[in-house]
1. Among the residues of segment 280-301 satisfying the criterion of being of a type in the set (G, A, S) and within 16 Å of A56 (Cα to Cα), which is farthest from the ligand (Cβ to nearest atom)?
2. Select from segment 162-213 the residues that are more than 16 Å from the ligand (Cβ to nearest atom), part of a helix (DSSP H, G or I) and hydroxyl-bearing (S, T, Y) and write down the one among them that is nearest to the chain's Cα centre (by Cα).
3. Would you check which residues across segment 113-126 are within 11 Å of V73 (Cβ to Cβ), of a type outside the set (S, T, Y) and free of Cβ contacts under 8 Å to residues at least 60 places away in the same chain and list them?
4. Among the residues of segment 128-158, write down those that are in contact (Cβ under 8 Å) with a residue 60 or more places away in the chain and hydrophobic (A, V, I, L, M, F, W, C).
5. Only residues that are modelled with pLDDT of 95 or more and at positive phi: list them for segment 221-270, please.
6. Of all residues in segment 258-294, count the ones that are aliphatic (A, V, I, L, M), under 20 Å from V234 (Cα atoms) and part of a strand (DSSP E or B).
7. Go through (1) within 28 Å of F274 (Cα to Cα); (2) without any contact (Cβ under 8 Å) to a residue 24 or more places away in the chain; (3) outside any helix (DSSP H, G or I) one by one and return the number of the condition S95 breaks.
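The values are calculated or read from the model by the stated rules, or taken from the named source; none is laboratory data. Please read all numbers here as calculations on a predicted model, not as lab measurements. Here the Cβ is made from the backbone with ideal geometry for all residues, glycine too, and neighbour counts use every protein chain on show.
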Amino acid sequence: MSTAADAVTEALSELHTRFTRLRDGRPADYIPQLARTDPDAFGLALISMDGHLYSAGDAGTPFTMQSVSKPFVYALALSVLGLDEVSRWVNAEPSGEAYNAISLEPDTGRPDNAMVNAGAIITTALIPDTPAAPRSDRILDCLSRFAGRRLDVDEQVYASEAATGDRNRALAYLIRSTGPLPVDPVAAVETYFRQCAVRVTALDLAAMAATLANGGVNPLTGDAVVPEPVAAQVLAVMATCGMYDASGEWLLRVGLPAKSGVSGGLIAAGPARFGLATYSPRLDPSGTSVRGRAALGALSERLGLHLMHNPALAASTVTLVATAGDLPAAGAAPQDRALRERVGVVVAQGAIDFTAAERVLYALDESRTQGAGPVVLDLGQVTGVDRVARAMLRGGLGRIAAEGVRTAVADPARRLALPGPGQRGAPPDPRSFATREQAVAWCAGGPAG
Ligand code: GLN
């Protein structure tokens, strides 16, 4: 059975199909082990703030985090030391340079930000290191909590980078030579290599991004991994610095805090909305996944996700998920009661955009207790439905109706009706009634006619 929330999976699958055709770029090979990955692996994943998972393609294929680890280790440093202390050692200005550039302030030697290697190495060095809790264990624990499951290190990739990572070692020596650091970046660079070699899937990365988007609370486990202000600080730095010298262009066009890594991982976060991740190892010259960049850009446009466009959303969209049998039914005959028992009812309220529509579609599926029962969507308390949400709701209801099941909306304001004259070939309007009771009565009235 198709489910209503498949609208999200469908969007991901469509992008997967569309961008699989992109064959530009190739996997990184300056870390020799990374050159051995399948260049055509391609996965996408999205996790909502309610912990709903959506994916397409190779979303369960493992790869190493590389630079996608940087915002999460920065989050750990901020939670342990606070923004003021961390900012003494690493700035938060876009460098406009490549990830491995010598981006150090001339007077202080402070790296420009924690998303470029120089800043990430210092950030790793700032994580306290004690015999009871070694720095690399603390980092792996923290990354695991962001992902919501125990992660491990790909020892082969680690060894491969440790054997060839002299540029990063040189950066660490340079940092040590420029300023009075409280910690040793030269020792920390090995830990930095280990954090880069932590193994994840696109689904893990989506959970990690969703945790940042969800104020530091993992939506899958409920674990408060970092305090809310820290999550916001990290997202801010990702927004301005996460895509290196392409950060401004990315914020302009895609409009989401993001972070890329040279193994082909790419994350983006919609604050209070979702975490997104893609995996495809074909890289552009700046070290960002070609397909990931294209897919996230298209998804942002298609689903209206640009940060600067989105109005604030009321928290609860769905106010009731039940069957009509649970609702008062004045004057319903006993034989009608049995029929009403089969009718799922979802009541929504407020303004409906992509995020809210996803919740409604999910609730529609939930309400169908008997697997294939009829369903009523009550929009009587809805204040607005945007273009994307209207298409999603119409699509979700249409999918259920296509199974030969009655679906109806209580839509007194006709918010699901398409504006303008109906287009030829467009799917039909959902069956619409002025009240919930009328919609329930119709749905309870036997097989679809
Ligand atoms: N481990 C890699 C490096 O330091 C990470 C770089 C990246 O993903 N951009 O070179």
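1. Out of the qualifying residues, it is A298.
2. Applying the filter and picking the extreme gives T211.
3. Answer for segment 113-126, where residues must be within 11 Å of V73 (Cβ to Cβ), of a type outside the set (S, T, Y) and free of Cβ contacts under 8 Å to residues at least 60 places away in the same chain: G119, L126.
4. Hits for segment 128-158 are I139, C142, L143, F146, A147, V157.
5. G222, G255, G264 - these are the residues of segment 221-270 that are modelled with pLDDT of 95 or more and at positive phi.
6. The qualifying residues number 7.
7. Single failed check for S95: (2).
Here is a yes/no grid of residues against (1) hydrophobic (A, V, I, L, M, F, W, C); (2) within 18 Å of P285 (Cβ to Cβ); (3) within 13 Å of the ligand (Cβ to nearest atom); (4) touching a residue at least 12 places away in the same chain (Cβ under 8 Å):
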| site | (1), (2), (3), (4) |
| --- | --- |
| A236 | yes, no, no, yes |
| G242 | no, yes, yes, yes |
| A246 | yes, yes, yes, yes |
| L251 | yes, no, no, yes |
| V254 | yes, no, no, yes |
| I267 | yes, no, yes, yes |
